[in-house]
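S.K.: Just dropping this structure here.
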Amino acid sequence: MDWEYVAKILPLYGKAAVLTVRIGVLGIIFAMLVGLLCSVVRHMKIPVLKQLASVYIELSRNTPLLVQLFFIYYGLPKIGIKTDPETCGVVGLAFLGGSYMAEAFRSGLEAVGKIQHESALSLGLTVLQTFRYVILPQAFAISIPGITANVIFLLKETSVFSAISLMDLMFTAKDQIGLYYKTTECLVLLVVFYLLILLPVSLLGSLLERRVRYAEFGA
Amino acid sequence: MQSLGLEVLFKGKNFARLLGGLWTALQISLISIAVSMVLGTLLGILVGRKNGIGRVLMRCYLEFIHIMPQMVLLFIVFFGTAKAFGWNLSGELSSIIVFSLWGTAEMSDLVRGAVTSVPAIQYESAMALGLSRPQVFRFVILPQALRRLIPQSINLITRMIKTTSLVLMIGVVEILKVGQQIIEANRKSSPNAAFGVYLTIFLLYFLLCWPVSLLARRLEKRWG
């Protein structure tokens with residue numbers, strides 16, 4: 001290990017890690033919104049929208065993120081939809097993650113017992129109130145393990161962003177290897193930085209899982 | 001009407017070349033899938049046993065593989081081994097190694113999950129009925145565990161097929177690379193080729209993975 005070199009490129013890796021996290025977090029937030037929307041639409045069986053959501057989920061789940069990104073970044077500009085790499089990364093991650101989040105929410109929604117729904121309605125709550133105050137909180141708690149698994153999965157997927165020339169951790173590592181041929185140092189730093197990002201999320205996930213286990217009655 | 005760049009696909013052997021690229025990626029996934037299924041099952045059964053140091057090492061391996069993006073693993077094997085040991089692994093071989101390591105870890109997790117999902121009372125009842133250990137495993141545990149395991153491993157197969165698209169990044173000429181070549185070669189005659197070609201690749205992947213996912217879901221519903 002050449003420590004001088006490591007010290008020199010540390011700031012570069014730091015910048016790349018910040019970018020990776022920023023795009024990852026933005027993408028995951030949008031993915032959750034898309035997922036929530038899809039699962040609600042499917043749960044409430046709204047016609048047309050329900051079918052659209054299903055088509056989207058199948059398309060998104062059965063194609064690789066890299067191919068989706070190439071289509072968004074290189075394909076879509078040809079029909080007039082231009083995006084810069086960062087937007088493209090966020091959109092791609094939201095497109096991929098939306099369907100995974102939708103599935104996580106769906107399993108949560110399905111796990112809430114029918115009696116909860118009926119009891120809430122018979123107490124005089126409207127359909128929307130029932131959904132907002134009774135079903136959703138319980139469903140969310142049940143979907144937590146699925147959601148954290150998805151968050152980790154999506155953060156890992158950000159590594160393909162280097163293919164659309166985003167200066168993320170992968171890109172920086174490849175670039176540095178090409179420039180100085182300090183392969184060992186670059187790869188070790190790469191692993192360390194991904195561990196720094198992913199380990200806390202993974203630990204937090206298992207902690208959260210234990211804390212929100214209050215939703216298991218009436219199912 | 002603006003051209004969508006689909007015409008390049010019908011020029012010469014372009015479409016066949018794309019399919020060839022898909023086949024390259026698919027070969028890598030199929031070999032890795034075969035290796036992963038076998039090793040993963042063995043590992044999944046073994047890791048449940050309690051034997052000190054081996055178990056700790058196993059856990060470290062599984063955790064590391066789980067938490068690292070596959071792309072990082074590809075870089076470690078492709079660039080790292082060249083530097084560290086002077087090996088000159090081809091892109092194909094590196095990717096088979098990485099996807100086998102990754103698939104084995106995932107598969108062993110599924111196997112372990114499936115075996116532990118069978119309630120303890122099933123073991124106890126079977127023992128109480130006088131079945132021997134191998135009999136309990138063969139006639140009671142295995143049928144129940146398989147019902148859970150089979151849909152999940154089919155899902156793993158689609159995940160592995162999708163993940164092999166990453167091999168582009170270490171220079172394997174697979175479908176995306178062939179797509180790039182076609183787009184470059186036709187830059188003048190069809191400037192919009194990128195749209196048509198990437199759309200086609202997107203749909204090809206979808207047509208490949210979708211039936212497999214449907215099968216997994218159907219089995220899950222039937223046995224769930």
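None of the figures in this text is laboratory data; all of them are computed from the coordinates on show. Nothing here was measured: the structure is a model prediction, and the numbers come from that model. Virtual Cβ from ideal backbone geometry, glycine too; neighbours counted across all protein chains shown.
S.K.: Where in the stretch A:177-213 does the label zone of A:ASP2 land, with the point 7 angstrom along Cα→C-beta and an amide N cut-off under 15 Å?
M.R.: A:177-189
S.K.: Okay, next question. As a check on your grasp of the helix formula, calculate [θ] at 222 nm for chain A: sum -39500 (n - 2.57) over DSSP H runs of n ≥ 4, divide by the residue count, round to the nearest 500. Before the final figure, lay out each step's value.
M.R.: Details: 8 runs with 159 residues, N = 219.
Taking each H run of at least 4 residues, the total per residue is -25000 deg cm²/dmol.
S.K.: While we're looking at this one, here's another question. May I ask you to list, by number, the DSSP H helices of chain B whose Cα span along the axis is at least 18 Å and whose average Kyte-Doolittle hydropathy reaches 0.5 or more?
M.R.: Once both thresholds are applied, what remains is B:14-47, B:52-67, B:91-117, B:193-223.
S.K.: Remind me, relative contact order of chain A in percent, using alpha carbon pairs under 8 angstrom and six or more residues apart?
M.R.: So the answer I get is 29 percent.
S.K.: Sticking with this structure for a sec: What's the longest piece of chain A with no exposed chymotrypsin sites (Phe, Trp or Tyr not before Pro), counting a site as exposed if DSSP puts it in a loop and it has at most 12 other beta carbons within 10 Å? Mind showing how you got there, number by number?
M.R.: On the way: sites that count: A:TYR181, A:TYR214, A:PHE217.
After excluding every exposed loop site, the longest remaining stretch is A:1-180.
S.K.: Sticking with this one: With +1 on each Lys and Arg Cβ and -1 on each Asp and Glu Cβ, how big is the dipole of the stretch A:1-105 about its Cα centre, in debye rounded to the nearest 20?
M.R.: Result for the stretch A:1-105 is approximately 380 debye, rounded to the nearest 20.
S.K.: How much length is gained on full extension from A:GLU110 to A:ASP175, taking 0.36 nm per residue of separation minus their Cα-Cα distance?
M.R.: On the way: separation 65, 0.36 × 65 = 23.40 nm, distance 4.67 nm.
Fully extending the segment from A:GLU110 to A:ASP175 adds 18.7 nm.
S.K.: Find which of B:LEU203, B:SER189, B:MET160 sits farthest along the positive direction of the dipole of the stretch B:138-205, computed with +1 on the beta-carbon of Lys and Arg, -1 on that of Asp and Glu, about the Cα centre.
M.R.: B:MET160
S.K.: The stretch A:24-76: which trypsin sites (Lys or Arg not before Pro) are DSSP loop and have at most 16 other beta-carbon atoms within 10 angstrom?
M.R.: On the way: sites: A:ARG42, A:LYS45, A:LYS50, A:ARG61; in loops: A:LYS45.
Taking the stretch A:24-76 and a limit of 16 other Cβ atoms within 10 Å, the loop trypsin sites (Lys or Arg not before Pro) found are A:LYS45.
S.K.: I've got another one for you. What Kirkwood hydrodynamic radius, in Å, does the protein assembly as shown give when the mean of 1/r is taken over all pairs of distinct Cα atoms and then inverted? Please list the in-between numbers first.
M.R.: Details: mean 1/r = 0.0419 Å⁻¹.
The answer is 23.9 Å.
S.K.: Return the whole-Å distance between the Cα centroid of the stretch A:1-67 and the Cα centroid of the stretch A:112-166.
M.R.: 16 Å
S.K.: Give me the three principal axis extents of the stretch A:1-52 from the C-alpha atoms, as integers in angstrom, largest value leading.
M.R.: Principal extents (largest minus smallest coordinate, Cα): 62, 16, 13 Å.
S.K.: Consider just the alpha-carbon atoms of chain B and return their Rg together with their Dmax, both in angstrom.
M.R.: Considering chain B through its Cα atoms, Rg and Dmax are 22.1, 78 Å.
S.K.: Roughly how tilted is helix A:136-157, in degrees to the nearest 10 and between 0 and 90, from the longest Cα axis of chain A?
M.R.: 20 degrees
S.K.: What distance in nm separates the two pseudo spin-label positions at B:LEU146 and B:ALA128, each 7 Å out from Cα along the beta-carbon direction?
M.R.: The answer from the label model is 2.6 nm.
S.K.: Would you tell me the mean number of C-beta atoms belonging to other protein chains that fall within 10 Å of each C-beta in A:184-193, as a whole number?
M.R.: Per-residue shielding by partner chains comes out at 3.
S.K.: About the Cα centre, and with charges only on the beta carbon of Lys, Arg (+1) and Asp, Glu (-1), how big is the dipole of the stretch B:1-144? Nearest 20 debye, please. Mind dumping the intermediate values first?
M.R.: Values: 11 positive and 6 negative charges, 50 e Å.
Once rounded to the nearest 20, the dipole reads 240 debye.
S.K.: Mind pulling the angle between the C-alpha long axis of helix A:169-180 and the longest principal axis of chain A? Nearest 10 degrees, somewhere in 0 to 90.
M.R.: 10 degrees
S.K.: Now for a separate question. Filter B:LYS13/B:LYS188; A:LYS82/B:LYS188; A:LYS8/B:LYS177; A:LYS50/A:LYS78 down to the pairs with a C-alpha to C-alpha distance above 27 Å, please.
M.R.: With Cα atoms farther than 27 Å apart: A:LYS8/B:LYS177; A:LYS50/A:LYS78.
S.K.: Just from its helices, what would the mean residue ellipticity at 222 nm be for chain B, if runs of 4 or more DSSP H residues each count -39500 (n - 2.57) and the sum is divided by every residue, rounded to the nearest 500 deg cm²/dmol?
M.R.: Roughly -24500 deg cm²/dmol at 222 nm, from the helical runs in chain B.
S.K.: Could you line up B:MET71, B:MET58, A:MET44 from fewest to most neighbouring Cβ atoms inside 10 Å?
M.R.: Values: B:MET71 28, B:MET58 17, A:MET44 13.
Listed from fewest to most nearby Cβ atoms, that is A:MET44, B:MET58, B:MET71.
S.K.: Also, I was wondering about something else. Estimate the FRET efficiency between A:ILE46 and A:LEU123 by the formula 1/(1 + (r/R0)^6), using the beta-carbon distance for r and 35 Å for R0, to the nearest 0.05.
M.R.: Once rounded, the FRET efficiency stands at 0.90.
S.K.: So which trypsin sites (Lys or Arg not before Pro) in the stretch B:1-65 are both in a DSSP loop and have at most 11 other Cβ atoms within 10 Å of their Cβ? Working shown, then result.
M.R.: Numbers: sites: B:LYS11, B:LYS13, B:ARG17, B:ARG49, B:LYS50, B:ARG55, B:ARG59; in loops: B:LYS11, B:LYS13, B:ARG49, B:LYS50.
Those that pass, being in a loop and sparsely packed, are B:LYS13, B:ARG49, B:LYS50.
S.K.: So what is the orientation-averaged projected area of the stretch A:3-211, using the convex hull of its C-alpha atoms, in nm²?
M.R.: 14.1 nm²
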